[in-house]
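> If you scroll down you'll find the structure; I have some questions about it.
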Amino acid sequence: MTRPQAAEFVLQWVRQRQGSPADLLRALEEEAGWPGRLMLPALLEELRGRRDLPDAERKFLVYTLNAGAVAEALAEGGDPAQPHQSSIDDLFARSRRFLRSKKFAEAVDFVARFREYSPFNNMLVYAQNPLATHFATAGHWRKAFGRTIKEEARGMLILAPRHPVLMVYDIAETEGPPLPEKLRAFARTSGRFNPAVLDHTVKNCERDLIHVQRLPMGELRGGFATRRAREAGWKMRVGLRADLEDPAAYAVLCHELAHIYLGHTGTDRDGWWPFRMNVSETVAEIEAEATAYIVCARAGLRTHAAEYLSTFVEDSEDLDAISLDLISRVAGRIEDMGRRLLPPRSPAEAERMM
């Protein structure tokens, strides 16, 4: 692929997909091979400088495909000499098959199930082995349960801080003493909800200048997210129906925050979330509901979102625009907001955002 052809491919991807920088990187590599990785930063810089592009496309290039986010995606890809690189590239490509079948709903349910690992890593494991029930590193299997990895075992790759990749193994690939009850209950949820999760999330919304309000609404409406903040100093406003109990309010808040952090409502001047307003309403709803379902299930709340999602997936014709990468990353972000009070933002954070 020549440089002009690569530039045209990137421009068409921006107009039709509007996924994450990692999504674009994988798509370009599939078309142009590894040289596409080397061309991407310069191609995007040229496109950002074009004045003939529509405003929505230009904002997507500036805020979502910013230099910091692209550099992070390139760093995650590693070096072509790494033995695991081709496996990871193939893994991401295979994961897209879930977007065109009912398996998408199953994938979302799987990602929500394993709380010991991030939503993003759970999605990677599901793409490699949809039948996995319990998985851990060889060291954890040995130390916690006295089990060893079978000689012919097939490991699964996940990403980890300070490591290029980690290898994890499903329980079927191990042998040793009988499993304790706590392991058999590992993936279950009790349906109980800790109100502190909602409190922390609302407080962390203030950190991002998102004003959360309880408002009177009709029974058929749970909430909304809008850029029309009525008071000065806020970037976004989220309304939650006043009479919702805490678990239901949290589920609605997760859905509306997903719309914001996935870029469906547009970005802000600091680039704290991406700009993806060109995706269709169907794609936006699938992404937001999938994200909320993952977060809620991992917090102990079970919903019927999987059935809701499968209906959308069956009927929609533009599913290529759905970003599994952003869904899993935003789910991890919202989940973290409920676990602890995050420190104030620093000016340098904007450049590192998705």
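> Suppose we keep only residues that are modelled with pLDDT under 50 and among the small types (Gly, Ala, Ser) within region 50-105. Which one would you say is nearest to residue 27 (Cα to Cα)?
93
> Consider residue 268 against the criteria (1) open to solvent by less than 30 Å² (accessible area, probe 1.4 Å); (2) modelled with pLDDT under 90; (3) touching a helix residue (DSSP H, G or I) at 6+ places or on another chain (Cβ under 8 Å): it satisfies all of them except one. Which criterion is unmet?
The failed condition is (3).
> Continuing with this model, one more query. Is it the case that some residue within region 259-281 is touching a Ser or Thr at 6+ places or on another chain (Cβ under 8 Å) and closer than 16 Å to residue 109 by Cβ?
no
> For residue 207, state whether it is modelled with pLDDT of 90 or more, of a type in the set (Lys, Arg) and either surrounded by 12 or more Cβ atoms within 10 Å (Cβ to Cβ) or within 29 Å of residue 254 (Cα to Cα) (or both).
Working: modelled with pLDDT of 90 or more: yes; of a type in the set (Lys, Arg): yes; either surrounded by 12 or more Cβ atoms within 10 Å (Cβ to Cβ) or within 29 Å of residue 254 (Cα to Cα) (or both): yes.
So residue 207 fits the description; yes.
> Any residue in region 247-254 that is of a type outside the set (D, E, K, R), closer than 17 Å to residue 345 by Cβ, in a helix (DSSP H, G or I) and open to solvent by 40 Å² or more (accessible area, probe 1.4 Å)?
There is no residue in region 247-254 that is of a type outside the set (D, E, K, R), closer than 17 Å to residue 345 by Cβ, in a helix (DSSP H, G or I) and open to solvent by 40 Å² or more (accessible area, probe 1.4 Å).
> State whether one or more residues within region 299-315 are surrounded by 24 or more Cβ atoms within 10 Å (Cβ to Cβ) and either assigned to a loop (DSSP other than H, G, I, E, B) or at pLDDT 90 or above (or both).
Scanning region 299-315, I find at least one residue that is surrounded by 24 or more Cβ atoms within 10 Å (Cβ to Cβ) and either assigned to a loop (DSSP other than H, G, I, E, B) or at pLDDT 90 or above (or both), so the answer is yes.
> Which of the strands (runs of 3 or more DSSP E) found entirely inside region 105-179 contain at least 3 residues meeting this: surrounded by fewer than 18 Cβ atoms within 10 Å (Cβ to Cβ)? First the steps, then the outcome.
Values: elements: 135-137, 156-160, 163-170.
Result: 163-170.
> Another question, then. Identify, please: which residue in region 11-40 is assigned to a helix (DSSP H, G or I) and in contact (Cβ under 8 Å) with a residue 60 or more places away in the chain and is, among those, most open to solvent (accessible area, probe 1.4 Å)? Lay out the reasoning, then the answer.
Within region 11-40, the subset assigned to a helix (DSSP H, G or I) is 11-16, 21-32, 35-40.
From the residues that got through so far, the ones that are in contact (Cβ under 8 Å) with a residue 60 or more places away in the chain too are 15-16, 21-23, 26, 29-30.
Working: 15: 99, 16: 126, 21: 13, 22: 12, 23: 17, 26: 31, 29: 24, 30: 104 Å².
Checked region 11-40; the qualifying residue most open to solvent (accessible area, probe 1.4 Å) is 16.
> Here are some conditions: (1) modelled with pLDDT of 85 or more; (2) in contact with a Leu (Cβ under 9 Å, 6 or more places away or on another chain). Residue 176 meets all but one. Which one does it not meet?
(2)
The values are calculated or read from the model by the stated rules, or taken from the named source; none is laboratory data. None of the values given here were measured: they were computed from a predicted structure. Ideal geometry is used to build each Cβ from the backbone, glycine not excepted, and the neighbour counts take in all protein chains shown. Side chains are part of the model used for accessible areas, which takes the heavy atoms of the whole protein and leaves out ligands, DNA and RNA. Shrake-Rupley method; radii C 1.70, N 1.55, O 1.52, S 1.80 Å.
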